[in-house]
1. Please return the ranges of strands (runs of 3 or more DSSP E) entirely within region A:211-295 where 2 or more residues are farther than 29 Å from A:Tyr102 by Cα and within 14 Å of chain B (Cβ to nearest Cβ).
2. Six or more apart or on different chains, Cβ atoms under 6 Å: show the pairs whose first residue is in region B:210-223 and within 14 Å of another protein chain (Cβ to nearest Cβ) and buried (at least 17 other Cβ atoms within 10 Å of the Cβ) and whose second is of a type in the set (Val, Ile, Thr) and in a helix (DSSP H, G or I).
3. Checking A:Asn85 against (1) within 17 Å of A:Val117 (Cα to Cα); (2) outside any loop (DSSP other than H, G, I, E, B), which single condition isn't satisfied?
4. Select from region A:241-295 the residues that are farther than 23 Å from A:Thr218 by Cα and of a type in the set (A, V, I, L, M) and list them in ascending order.
5. A:Phe294 fails exactly one of the following numbered conditions: (1) modelled with pLDDT of 95 or more; (2) in contact with a helix residue (DSSP H, G or I) (Cβ under 6 Å, 6 or more places away or on another chain). What is the number of that condition?
6. Of all residues in region A:233-268, which are farther than 17 Å from A:Ala62 by Cα and either charged (D, E, K, R) or more than 19 Å from the chain's Cα centre (by Cα) (or both)?
7. Quick one: which residue in A:Glu161, A:Glu171, A:Glu178 is free of Cβ contacts under 8 Å to residues at least 60 places away in the same chain, out of contact with any His (no Cβ under 9 Å at 6 or more places or on another chain) and farther than 17 Å from A:Leu224 by Cβ?
Amino acid sequence: MTNETTTEETTNPVAEETETPAVVRESSETADSRPKNLIETRNMNVYYGDFRAVADVSLDFASNEISALIGPSGCGKSTVLRSLNRMNDLVPSARTEGEVFYHGENIYAEGVDPVRVRRTIGMVFQKPNPFPKSIFDNIAWGAKINGFKGSKSDLQDLVQEALEAAALWDEVKDKLAESGYSLSGGQQQRLCIARAIATKPDVILMDEPCSALDPIATLRIEELMLDLKESYSIIIVTHNMQQAARVSDRTAFFNVKLNDSGMRTGRLVEYSPTDQLFTSPREKDTEDYITGRFG
Amino acid sequence: MTDTQDTNVHFHTELEELERKVLSMVDRAEQMVEMAVEAVTRDDVGLAERVIALDSDIDQTYLEVHQEWTSLMARHQPLGSDLRRMTILIQLNVTFERMGDQCVNIAKIARFNSGLPRVERICEQIREMGDLVRPMIRTAIEAYVRGDVDEARLLPAMDHPVDRLNANMYKETVAVGGNPELLEWATKMLMVSRALERVGDQAVDFAEQTAYLITGERAEFVEDGMAGSTDDII
């Protein structure tokens, strides 16, 4: 399942109807009221060697929504996030079981190219990681290695569009030849978001994208996320519950459960509209966590 | 999660202190209702002045609660049941301050009505309303403290006779006849009736807040047959 074999292009067939697990159905929303699902996980289990890091995760992520994954350290939320674009395949001992449907296609099916999956489902990391290149090339190079075939003018347009979409253009348009490292932390993170956007994904995964940023830079990223929601789906892992409450439409709470052998495995406790989860959560574990009553 | 550990102790301690302060207004409001009714039905101006003086205590507590509530929200940004409790406390703060204001209105009428001719039947009815409203406040606070949603749901039924008496007071006022002094007195007593009916409504609102805290669902209590009662137009 984790073999990285290059195959034909992934397609975007209409998602097939699948049995929806109870944890997804237990929402105040009706199925018809939500946008179409872009990503669906079904009974996803992720292992590192023999250790099961997360168990039986079934989640739907809709288009043009921001979904937040929250929970205590070690609950597996980042593991779940990295499984959504097969980033975990890069960890030698990692193994994912179950299904992850993207536009209805199981990205873990035999023959699916994980490189293409990662290209289509972009990712922004905790620490800004610009390439050691110019601001322009941070966008252009990423696009080129991901198959951009346009003219030089087209490439310039692509760079500008991506930087504009990431709300960075006005700050860097006069210094595109300068190193990406010359930017502040917040600007570097927006550069990384621009780089992710340039490959034309429809889903962006963000793994604690603001944890290394000051409050003002954090607010700019959050504002950017709300703008990007018009065109993309965003799934964000955050330790900051207020951030999840501010930006997300739906929130998934994960918790750590000890099994009979004393192993700590992450499990999905509740997945609800964000305003519901943070005011009247259904599950006691969620209530305990968000009110700080947590061992 | 059977064993929970509170990792937010400082916030919860401050929240409990704030809650105690808000609930301290309840005893004061209940006491003021009793004193105001007594003052206006027994023509006791001295007692009315004490009601007005007591209200400044409630106003002071109201201001302190508002300040402390704002500080807590700014520093802790509570969520879940903590957020619901905070939301309710700021609404209760307003509710009790307004109960105090209603009692002051009654006390001022007692001052105005002093020495005017009176109708004992109307006084008895006002005392009856007072006797109905004070247990409503008590029941609402007990439901809150116990977290008892069933007890909170008793309030609409308790409010019904208060509404009925208030509606009847209009007829009693008309029935006093053409004596200008007596009519002036009775018209003011109609306002007393209205103030007590409002205190009853505020107790029902308190109970609705309690139910929200417990269940997490916003719902207005509705009793069959209450919609469109005549007191709505008085």
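The values are calculated or read from the model by the stated rules, or taken from the named source; none is laboratory data. All values reported here derive from a predicted model rather than from experimental measurement. Cβ placement follows ideal geometry from the backbone for every residue including glycine, while neighbour counts extend to all protein chains displayed.
1. Details: elements: A:233-237, A:250-258, A:264-273.
Here the list is empty.
2. Sorted first by the residue in region B:210-223, then by its partner, the pairs are B:Ala211/B:Val149; B:Leu213/B:Ile88; B:Ile214/B:Val149.
3. Of the numbered conditions (1) within 17 Å of A:Val117 (Cα to Cα); (2) outside any loop (DSSP other than H, G, I, E, B), the odd one out for A:Asn85 is (2).
4. Correct list: A:Val256, A:Leu258, A:Met263, A:Leu268, A:Val269.
5. (1)
6. Scanning region A:233-268 gives A:Arg246, A:Val256, A:Lys257, A:Leu258, A:Asn259, A:Asp260, A:Ser261, A:Gly262, A:Met263, A:Arg264, A:Thr265, A:Arg267.
7. Working: A:Glu161 fails: farther than 17 Å from A:Leu224 by Cβ; A:Glu171 fails: farther than 17 Å from A:Leu224 by Cβ.
Among A:Glu161, A:Glu171, A:Glu178, only A:Glu178 is free of Cβ contacts under 8 Å to residues at least 60 places away in the same chain, out of contact with any His (no Cβ under 9 Å at 6 or more places or on another chain) and farther than 17 Å from A:Leu224 by Cβ.
Table: residues versus (1) within 14 Å of chain A (Cβ to nearest Cβ); (2) without any contact (Cβ under 8 Å) to a residue 12 or more places away in the chain; (3) surrounded by 19 or more Cβ atoms within 10 Å (Cβ to Cβ); (4) in a helix (DSSP H, G or I).
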| position | (1), (2), (3), (4) |
| --- | --- |
| B:Asp27 | no, yes, no, yes |
| B:Met32 | no, no, yes, yes |
| B:Glu49 | no, no, no, yes |
| B:Asp57 | no, no, no, yes |
| B:Thr70 | no, yes, no, yes |
| B:Met73 | yes, no, no, yes |
| B:Asn93 | no, no, yes, yes |
